[in-house]
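Note sheet for the following structure.
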Amino acid sequence: MATPAGPSRDPDLGNPGLDHLPAALVATIMTKLDVPSVLSLASTCKAFRSCAAHILGFLSNFHLPDVSPSMDLLRPLLLPNNSCLRSVKVDCTRLDDSFLDFLIRPSLQELYLRNCADFSGKLLSQLGRSCKDLRFLYLSSLAEKRGRSVDVLHLEELLSGCTHLETLILMFDASIFLRHNFARVWALASSKLKSLEIGYISSVMVTELLSPAVGPHQSPNHPRPSILPNIEKLCLSVDYITDTMVSTISRNLTSLTHLDLRDSPIMEPRTAFDLTNNGLQQINAHGKLKHLCLIRSQEIAPTYFKRVNDLGILLMADKCSAMESICLGGFCQVTDTGYKTILHSCSKLYKLRVYHGTHLTDLVFHDITATSLSLTHVSLRWCNLLTNLAVSCLASNKDLTMLDLRDCRNLGDEALRAINTLPKLKTLLLDGCDISDVGLSYLKKGLMKSLVSLSVRGCKRLTDRCISSLFDRNSNLELRELDLSNLPNLSDAGVLLLAKSRIPISELRMRQCPHIGDTSVMALASMQVDENLWRGSTLKLLDLYNCGGITQLAFRWLKKPYFPRLRWLGVTGSLNRDIVDALARSRPYLHVVTRGEELGADQWDDLDSGYLQDYEEFDEFEEWLLGGENMSEDEMEDVLDMEDLFE
């Protein structure tokens, strides 16, 4: 007798898939993600598409940090009826004043706009009129494009309108404003302003800004209005760091805890336009300063603070015993006596940075164990008198997480042996040091298991063996950033070893390596980190500028679908301009740099590191951005289309 057939079973009932997840659950998950992650998810199935279209209407944070979107792309994403929008972070390379009404929202509290070269001063005015609750504002490169202008009246509207502003970062040349009017408008700034950073400003403008003029019918003894009374952090790049400016800042900013001043003179300044021992002892007049940075850069000309010596450091140290972070650059007359005074006087110091310490020797760190210091960040760049002994002494600070020894020419393999004893070190920069493949092998069994960033740029003795010295198919390594630039003995064979190690590196720099060629590009394009999770290269940044073996063949491997997560690429523009331009057109959201600029390094990257999700599915995100360009009809059915999403 035949057995009656049971009820038919739909194979999908046992495995309903993502389409059957509760919409509320999906929406809750998506609200925890950043915009690129939301759009990547939206490209996977219809349920996620529908949910993404819904939650974009009430996202509080809209951050697109790695691409420069067009107006057409942003319009369906920045929905005009989203009253929940609080924070926007956008690269404005492809935007201009015509987008102001759409971009500026009354609900905004945080606004980060980078590369605003095509915007005019209207941006400042509209922010002042519309964003009354704005707390944080970052603007870079404002009105730098020819034909764009900005006036002090625009700044006046910004400062008078944004009455709740707490942080203001203007990363452009403030000297475009007329001096006297510029000083006047700052009296309108919010009393809540605690942090001010300006990309460039003259020292005279700073002094006038903080020294309001006495009225025509007022006596010299009449009380002057307080300018920026609650400023705690001041970061300025100026033409000259002078005694007058430093004393004015120290005297008038009574709440200052963080002072960062940098200059880069085109010639040696006269005494009236320089920093001397007298100006240095005026620092921290109110005793609240925790972080101090004074740097004279040699970027334009070899200039130094020649009028400051050990006496000035001694006088400053008397008032800075509570200092937690000190950075000194270009103090060519300061010797071991001055630097030792800092280490022994500032018991709370955890960050020490010295650049161009021409008289800094091992003796400064000889008795560092006798202090109560617990240093976590140490940078001693261009300190050429230091030897391995200094590093051995520094290694007694087991809490070190960042060590920068770039261009310390006398450091060798023994320094690496000492560095390997640092259990918490995450960043190690050794550019130009006299280290060998054998020295790097000391790091293999210890430090390399926790190191996140390593730079050995310009270490001429290193060869392909340095790769095998560091990596041994150990996929558990934490390394994400590696700089192998300017290594004359590094070849494709070394890069093949790197690819075989399956380390999920996100930033790889190999500029100025004459023996790096097409084979390296092919190996990196085919690199597979994990057989189950990762397909294709994990690189987000690849610098191949002036690599001698790169030909037209390499560009075939730089096109999609290879390097799906790549956002920064450095190549030599003269290689074949047509091919380079074609690559840039085919991948519009890839920053292709051809003039030798350093990739991905600016203050924008440091604003809120760790705040954004570490999303990895850049390939799906780019598919969404490009609306499925160059895809088959079958693929198009499964990829989110911009117009369909917002019907």
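The values are calculated or read from the model by the stated rules, or taken from the named source; none is laboratory data. Keep in mind it's a predicted model, so treat the numbers as computed, not measured. Backbone-built Cβ (ideal geometry, glycine too); neighbour counts: all protein chains shown. Heads up: the accessible areas ignore ligands, DNA and RNA and are worked out on the full protein's heavy atoms, side chains in. Shrake-Rupley method; radii C 1.70, N 1.55, O 1.52, S 1.80 Å.
Checking each residue in segment 84-141 for being charged (D, E, K, R) and either open to solvent by 40 Å² or more (accessible area, probe 1.4 Å) or assigned to a loop (DSSP other than H, G, I, E, B) (or both) picks out R86, R94, D96, D101, R105, E110, D118, K122, R129, K132, D133, R135.
Just to verify a result, which residue in segment 54-76, among those that are among the hydrophobic types (A, V, I, L, M, F, W, C) and open to solvent by less than 30 Å² (accessible area, probe 1.4 Å), is modelled with the highest pLDDT?
First, pick out the residues of segment 54-76 that are among the hydrophobic types (A, V, I, L, M, F, W, C): 55-56, 58-59, 62, 64, 67, 71, 73-74.
Now restrict to residues that are open to solvent by less than 30 Å² (accessible area, probe 1.4 Å): 55-56, 59, 62, 64, 67, 73-74.
On the way: I55: 82, L56: 83, L59: 87, F62: 91, L64: 85, V67: 82, L73: 86, L74: 88.
By that ranking, first place goes to F62.
So in segment 587-612, with the set limited to residues that are touching an Asp or Glu at 6+ places or on another chain (Cβ under 9 Å) and not in a loop (DSSP other than H, G, I, E, B), which one is modelled with the lowest pLDDT? The extreme case among them is W604. Among the criteria (1) surrounded by 19 or more Cβ atoms within 10 Å (Cβ to Cβ); (2) over 29 Å from A322 (Cα atoms), the one G446 does not fulfil is (1).
For G329, state whether it is crowded, with 16+ Cβ neighbours inside 10 Å and under 18 Å from N284 (Cα atoms). So G329 does not fit the description; no. If you take the residues in segment 465-491 that are in contact with a strand residue (DSSP E or B) (Cβ under 6 Å, 6 or more places away or on another chain) and over 19 Å from G600 (Cβ atoms), which one is most open to solvent (accessible area, probe 1.4 Å)? Once the filter is applied, the top-ranked residue is N489.
Residues considered: S501, S441, S526. Of these, the only one that is open to solvent by less than 10 Å² (accessible area, probe 1.4 Å), at pLDDT below 95 and over 26 Å from the mean Cα position of the chain (by Cα) is S501.
Table: residues versus (1) of a type in the set (D, E, K, R); (2) within 22 Å of the chain's Cα centre (by Cα); (3) open to solvent by less than 10 Å² (accessible area, probe 1.4 Å).
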{"residue": "E166", "(1), (2), (3)": "yes, yes, no"}
{"residue": "D173", "(1), (2), (3)": "yes, yes, no"}
{"residue": "L178", "(1), (2), (3)": "no, no, no"}
{"residue": "N181", "(1), (2), (3)": "no, no, no"}
{"residue": "V185", "(1), (2), (3)": "no, no, yes"}
{"residue": "L196", "(1), (2), (3)": "no, yes, yes"}
{"residue": "I201", "(1), (2), (3)": "no, yes, yes"}
{"residue": "V204", "(1), (2), (3)": "no, no, no"}
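Pairs meeting the criteria (first residue in segment 322-342 and modelled with pLDDT under 95, second residue not in a helix (DSSP H, G or I), beta carbons under 7 Å, at least 6 apart or on different chains) are A322/K290; A322/K348.
Residue-wise test of (1) at pLDDT below 95; (2) of a type in the set (S, T, Y); (3) assigned by the TED database to the domain that holds G312; (4) open to solvent by less than 40 Å² (accessible area, probe 1.4 Å).
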site: R224; (1), (2), (3), (4): yes, no, no, no
site: I227; (1), (2), (3), (4): yes, no, no, yes
site: V238; (1), (2), (3), (4): no, no, yes, yes
site: I241; (1), (2), (3), (4): no, no, yes, yes
site: I249; (1), (2), (3), (4): no, no, yes, yes
site: H258; (1), (2), (3), (4): no, no, yes, no
site: M267; (1), (2), (3), (4): yes, no, yes, no
site: R270; (1), (2), (3), (4): yes, no, yes, no
site: T276; (1), (2), (3), (4): no, yes, yes, yes
